[in-house]
Amino acid sequence: MPAPQAPANSTPLIPILQQIHTEAQALFGQGQVADYIPALAQVAPRQFGMAVALIDGSTFATGQAHTPFSLQSITKLFAFVLALKLEGEGLWKRVGREPSGAAFNSMVQLESEKGIPRNPFINAGALVITDILTSRYAHLDIAMLGALRRLTDAPDLSWNGHIAKSERETAHRNMAMAYFMKSYGNVLNPPELVLDNYCRQCAIEMNCAQLAQATMFLAHNGQDIDTDARPGEQFLSPSDARRVNALLLTCGAYDAAGDFAYRIGLPVKTGVGGGIVAIVPGRGTVAVWAPELDAKGNSVLGAFALERLTQLTGWHHG
């Protein structure tokens, strides 16, 4: 696999990433790909990539860090940020900001809490966020891709039609949640349209290097960093960036969020495509991809790699 790449006069991240890459190989076979979405079941399991992007503009990568993968639930982070920019504090009338303690696709809490999802990162919460954005954008898929293309400086970034179709055809539980929340008045658009937008959003593809770049604003007080293509954009206010990071720390890894906070101690967002992105405020971002998942839908090698990175660098939240 490719050796890590970095600019001259770099920090010791290159040998650290090489070490993590080597150690992670022993974990292959301890998880399985997301087989409940037929298109994801076809992904080759024994793959691993990792990229670290720093706010000085440097990037370090190892393994298959430039192989595109399906972002899946990681896109919930970007949808939430877009909705927060549009709705502000009004957003919290329709979705909570507490850990759920339940599986990402659980319906259990919705009835007792009258159709208000616990947070924006479980499926029910993400569907409400998608409904909010569907009301605001005539073509939500184009608006989402436009924002992500700016953040990654990748004009060809797109979503995988095969994965979106596969996901939409098997989205029975998500459709049930959308109709259930509509019965409480918390989904305003037709659930079919909301699900179409949601599945296209989840099928957006990036590689680790692009994902690290796309989330840089969360490590940099809401501001994207300068590039050769354009100056840095104030994508989110500093206070909102801190709040997003707080939610990622407490809610970003499904019902394993507490375990991730204990083991890794960084704001993260995971996805069943095998990706994880972590924010190191004031320093940079880390993206990892390995499609073998544990029982809670998080990447086995990805979680290990992030834990080892924090151990070897001393990076932590705050």
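The values are calculated or read from the model by the stated rules, or taken from the named source; none is laboratory data. Bear in mind that the values here come from a model prediction, so they are computed numbers and not experimental data. Don't worry about glycine lacking a Cβ; one is built from the backbone with ideal geometry, like all the others, and counts go over all protein chains shown.
One table, with the values for the structure above:
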| read-out | value |
| --- | --- |
| Flag for residue 154 being free of Cβ contacts under 8 Å to residues at least 60 places away in the same chain and either farther than 16 Å from residue 95 by Cβ or part of a helix (DSSP H, G or I) (or both) | yes |
| Residues of the stretch 183-211 classified as under 22 Å from the mean Cα position of the chain (by Cα) and part of a loop (DSSP other than H, G, I, E, B), total | 2 |
| Failed item, numbered, when residue 98 is tested on (1) touching a residue at least 40 places away in the same chain (Cβ under 8 Å); (2) assigned by TED's automatic domain parsing to the domain that holds residue 238 | (2) |
| Options 69, 121: the member that is within 19 Å of residue 277 (Cα to Cα) and in contact with a Cys (Cβ under 6 Å, 6 or more places away or on another chain) | 121 |
| Flag for residue 287 being in contact with a Cys (Cβ under 6 Å, 6 or more places away or on another chain) and modelled with pLDDT of 95 or more | yes |
| Subset of the stretch 223-250 [within 18 Å of residue 89 (Cβ to Cβ), assigned to a helix (DSSP H, G or I) and out of contact with any strand residue (DSSP E or B) (no Cβ under 7 Å at 6 or more places or on another chain)] | 238, 239, 240, 241, 242, 243, 244, 246, 247 |
| Residue that is surrounded by the fewest Cβ atoms within 10 Å (Cβ to Cβ), among those in the stretch 212-266 that are polar (S, T, N, Q) and more than 15 Å from the chain's Cα centre (by Cα) | 239 |
| Residue among 85, 93, 182 that is modelled with pLDDT of 95 or more, within 25 Å of residue 277 (Cβ to Cβ) and out of contact with any Leu (no Cβ under 6 Å at 6 or more places or on another chain) | 85 |
| In the stretch 291-318, the residues that are among the aromatic types (Phe, Trp, Tyr) and under 25 Å from residue 205 (Cα atoms) | 304 |
| Residues satisfying the stated conditions in the stretch 68-98, i.e. within 16 Å of the chain's Cα centre (by Cα) and either surrounded by fewer than 16 Cβ atoms within 10 Å (Cβ to Cβ) or not aliphatic (A, V, I, L, M) (or both) | 68, 69, 70, 72, 73, 75, 76, 78, 80 |
| Answer residue from the stretch 22-66, given it is hydroxyl-bearing (Ser, Thr, Tyr) and outside any loop (DSSP other than H, G, I, E, B) and is farthest from residue 206 (Cα to Cα) among those | 22 |
| Residue check for residue 76: of a type in the set (Lys, Arg), closer than 22 Å to residue 260 by Cβ and not in a loop (DSSP other than H, G, I, E, B) | yes |
| Candidate set: the stretch 129-147, residues that are modelled with pLDDT of 95 or more and charged (D, E, K, R); chosen: the one nearest to residue 88 (Cα to Cα) | 136 |
| Candidates 199, 251, filtered to the one that is within 25 Å of residue 154 (Cβ to Cβ) and either without any contact (Cβ under 8 Å) to a residue 40 or more places away in the chain or not aliphatic (A, V, I, L, M) (or both) | 199 |
| Residue in the stretch 105-112 that is part of a helix (DSSP H, G or I), among the polar types (S, T, N, Q) and surrounded by 24 or more Cβ atoms within 10 Å (Cβ to Cβ) present | no |
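Matching residues to (1) within 20 Å of residue 310 (Cβ to Cβ); (2) assigned by TED's automatic domain parsing to the domain that holds residue 288; (3) in contact with a Pro (Cβ under 6 Å, 6 or more places away or on another chain); (4) at pLDDT 95 or above:
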{"site": "233", "(1), (2), (3), (4)": "no, yes, no, no"}
{"site": "238", "(1), (2), (3), (4)": "no, yes, no, yes"}
{"site": "241", "(1), (2), (3), (4)": "no, yes, no, yes"}
{"site": "247", "(1), (2), (3), (4)": "yes, yes, no, yes"}
